[in-house]
1. For residue 47 and residue 88, compute 0.36 nm times the residue count separating them, minus their Cα-Cα distance, and round to one decimal in nm.
2. Sort the following peptides by mean Cβ neighbour count (other Cβ atoms within 10 Å, averaged over residues), highest first: 95-102, 76-83, 25-32.
3. Please give the contour-minus-distance gain from residue 2 to residue 36: 0.36 nm per residue of separation, less the Cα-Cα distance, rounded to one decimal in nm.
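Every number here is computed from the coordinates shown, using simple stated rules; none is lab data. Here the structure is a predicted model, which means the values were calculated and not measured. Cβ placement follows ideal geometry from the backbone for every residue including glycine, while neighbour counts extend to all protein chains displayed.
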């Protein structure tokens, strides 16, 4: 999860409690903890569990939170008006959260991962077919030729070019 609008120091309080626990126990903890960071972390955990189920055929009860890392994101910088026309800076901090789930007991299903589809090779016999494939794939813009004036007629004039050299 990226750009979470909660300070990393506050998210780490909840994340430290999740580390090393099983997924069902972590979900129960996040449901009943009265902190603002629990809702986004629960949503992230549910997303990670759904990915583990669908992509890697793993069971939710066999997973635990092996690693959870809360990194600092970019700060939104604002100003607060103060007395006598002065202003003081405010830094609204953001967090980047990374979660890694692992299996408690290694299962046979974890070896069956989704296969990545590779692009198919195309057999081309003639040069014209290659040109046709290129035009179908991505039309290219034509280059505009730069206009160069000779030094004979333009002793005091600037040289005009479409693109800088």
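1. Numbers: separation 41, 0.36 × 41 = 14.76 nm, distance 3.93 nm.
Result for the pair: 10.8 nm of gain on full extension.
2. Numbers: 95-102: 17.6, 76-83: 9.0, 25-32: 15.1.
Peptide ranking by packing, descending: 95-102, 25-32, 76-83.
3. Details: separation 34, 0.36 × 34 = 12.24 nm, distance 1.62 nm.
Contour length minus Cα-Cα distance gives 10.6 nm.
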